[in-house]
Amino acid sequence: MPRIAVFISQRLVKAVFVVLAIAVFNFFLVHAAPGDPAAVMAGEAGAADAKFVEQLRQQFGLDRPLYEQLGTYMGKVVQADLGYSYRQQRPVFDLLMDRLPVTLSLTLTSFVLALIGGVALGTLAAMRAGTWSDTAITVVGLTAYATPIFWIGLMLILLFSVNLGWLPAFGTESIGAGYTGWAALMDRVEHLVLPVVTLGLFYMAVYTRLTRASILEVRDMDFVKTARAKGLPEWRIVSVHILRNAILPVITVAGFQAGHLIGGSILIETVFALPGIGRLAFEAVLQRDYQVLLGIFLLTSVVVVIFNLLTDLIYSLVDPRIEVAP
Amino acid sequence: MTAAVITPSRRGSGFWRAFARNKGAVLGLAFLLLIVLMAIFADVLFPTSPWDMTAAPFEPPFSEDALLGSDTLGRDIAAGIAHGARVSLLIGLTSTAVAVLIGVCLGAVSGFYGGWVDDAVMRFTELFQTIPNFVLAVVLVAIFTPSLTSIVLAIAIVSWPPLARLARGEFMSLRSREFVQAAVTTGQSNLTIIWRQILPNSLSPIIVSASLMVATAILLESSLSFLGLGDPNLMSWGYMVGAARTVIRQAWWMSFFPGIAILLTVLALNLVGEGLNDALNPKLARKGRA
């Protein structure tokens, strides 16, 4: 399929430019930070006499002109060198790679849950517009949309682990339980339930609203009437005729919101003490570890760009009418 | 002269009727007024600073010297909520104002001039839409040290792109209309046309989005202060939840009540925003309801 290939390569080129632009932005953020970076680094390394600061300045090229520093920085970013965290005594890139799997499993599961749940609830609400089930879904959606996710997380912990004792509240696995095989897997799944539901709930509300509005626009169109006149079963009309057309705006917004989801994982991982990127960000904030923070910023941007690429791909599969648009 | 005075007042009453038809919006507005009153009279209701110890630590709600309980340091939760309302509303409103300023300026220029200006501005906007917004807000506030100004600017910087797109769309569709062409023929400058002709006509969708953005801004502010990135001199709802996070097992009330305050305020703002949408964009509202 050459058309899809052209489409994807165009998107890839654009994605590379976006990542480069974000890296440049990142560079200027480092330099906009108040205080001399060499002095900050010296402080982090544990010594701050003038000679050492001067040596650091030379070592990191901070005495060079700005454009030269930018060049060096970009060269390093291309080689996946995001600097060194003196606080953690490790290269930032290694730190990030250690933490990435937890964050990805959290955000991806939440995303899938939110999308499936949101589309299902939105469809239900729209097909029964005006009835009590529509009202109930709308009210719950509005409330979930207005609730801070860190607070939902805390309240779910209060209910399901403190009061009812059904689910674990913290971490990714029971420490020292020594589970193996199936039990270990179930243990991990149990630990992910609350965080995933918390993160997913807000976005489920968003997708429910969107799906409902979108279906209300589509459901009275002529081709739906035709399908009904042909005597197709209702589930087929909804799933094939209505949903396939109504889901496009939902996918667009869902793609856009990938970034928000990753931002939300900072809060969720803080609440549930999950060792992911978000928790790392929280620790970096507490310790004012800018190198790590900026590395997280760059990495999450890259993840979002990849995610947007995937959305474009899914979009072109769901809707074959999509032209190869710039 | 008289006609010019009468017309807006008649439009005003129609606006109120349309707004009042949405029961949720009226309820939201009433609750919002309550919050505003609480913020204004916080010093009268709770004269002592919300940072001061006024009760024994870990007092449960409905105890004698703390209506909603006290926190780990004996600070009154109710006082914190009343004083925190100021911070939330202040940051919500000012950061939205800044975001509207950035977004509408960029969107107006982009939609009005079109061509390469439009291309450039839209690439810039897309870049900011790609960047994970909460991560950027955290990075900005952490680097420029938490203060009222840095928080407001960070929230504004991450929230303007949707407004820029909205304003661009409005300006693009309005700029080819007859009244704009008439203004061009009468020799008005571009700035006058943007400011006096097109902007007033594209205001209603911008107002609706801005009202919803205040709600998002309040959520963002509470998330930032939950992470410890609030202004250290100001009591805020997010900070209260964040500080009580570790004692959730012993003291649910410390995080429960501030969270409820955030939830209700944001809900009220969203309801008011929907009411404004019904009243200002009647065509759109009818379509949405179908």
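Please treat every number below as a calculation from the coordinates, not as lab data. None of the values given here were measured: they were computed from a predicted structure. Note that each Cβ is placed from the backbone with ideal geometry, even for glycine, and that neighbours are counted across all protein chains shown.
Structure above, values below:
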| read-out | value |
| --- | --- |
| Cross-link reach list, aspartates and glutamates versus A:Lys225, counting only Cα pairs under 16 Å and skipping chain neighbours closer than eight places | A:Glu217, A:Glu234 |
| Which of B:Phe19, B:Ser49, A:Val30, positive extreme of dipole for the protein assembly as shown (C-beta unit charges) | B:Phe19 |
| Test item: Cα-centred dipole of the stretch A:63-131, Lys/Arg +1 and Asp/Glu -1 on Cβ, debye | 260 |
| Projected area averaged over orientations for chain B, convex hull of C-alpha atoms, nm² | 19.2 |
| Among A:Val303, B:Ala78, A:Ile137 - extreme Cα towards positive end, dipole of the protein assembly as shown, charges at beta-carbon | A:Ile137 |
| Residue among B:Ala42, B:Ala182, B:Ala215 with the largest mean-square fluctuation in a Gaussian network model of chain B, springs linking Cα atoms under 10 Å | B:Ala182 |
| Modelled FRET efficiency - R0 56 Å, B:Asn190 with B:Thr145, Cβ distances, 0.05 increments | 0.90 |
| Spherically averaged projected area in nm², based on the convex hull that wraps the Cα atoms of the stretch A:101-276 | 12.1 |
| Helix A:277-287 axis, angle to chain A major axis (alpha carbon atoms, nearest 10°) | 40 |
| Partner aspartates and glutamates for A:Lys230 [C-alpha distance under 18 Å; skip if fewer than 8 residues away on the same chain] | A:Asp220, A:Asp222 |
| Centroid-to-centroid separation of the stretch A:140-193 and the stretch B:136-206 [C-alpha atoms, Å] | 43 |
| For B:His83, A:His191, A:His260, order by how many other beta-carbon atoms lie within 10 Å, fewest first | A:His260, A:His191, B:His83 |
| Residue-averaged beta-carbon neighbours from other chains (10 angstrom radius) around A:160-167 | 1 |
| Exposure proxy ranking, count of Cβ atoms within 10 Å, fewest first, for B:Asp231, A:Asp63 | A:Asp63, B:Asp231 |
| Of B:Thr265, B:Phe128, B:Thr246, farthest towards positive along the dipole that unit charges on Lys, Arg, Asp, Glu beta carbons give chain B | B:Phe128 |
| Eligible aspartates and glutamates near A:Lys76 by straight Cα distance, threshold 18 Å, same-chain separation 8 or greater | A:Asp63, A:Glu68, A:Asp94 |
| Chain B: DSSP helices with Cα axial extent of at least 24 Å and average Kyte-Doolittle hydropathy no lower than 0.5 | B:23-40, B:77-113, B:148-174, B:203-226, B:253-280 |
| Cβ charges +1 (Lys, Arg) and -1 (Asp, Glu), total dipole of the stretch B:1-137, debye | 960 |
| Test item: Cα-centred dipole of chain A, Lys/Arg +1 and Asp/Glu -1 on Cβ, debye | 1000 |
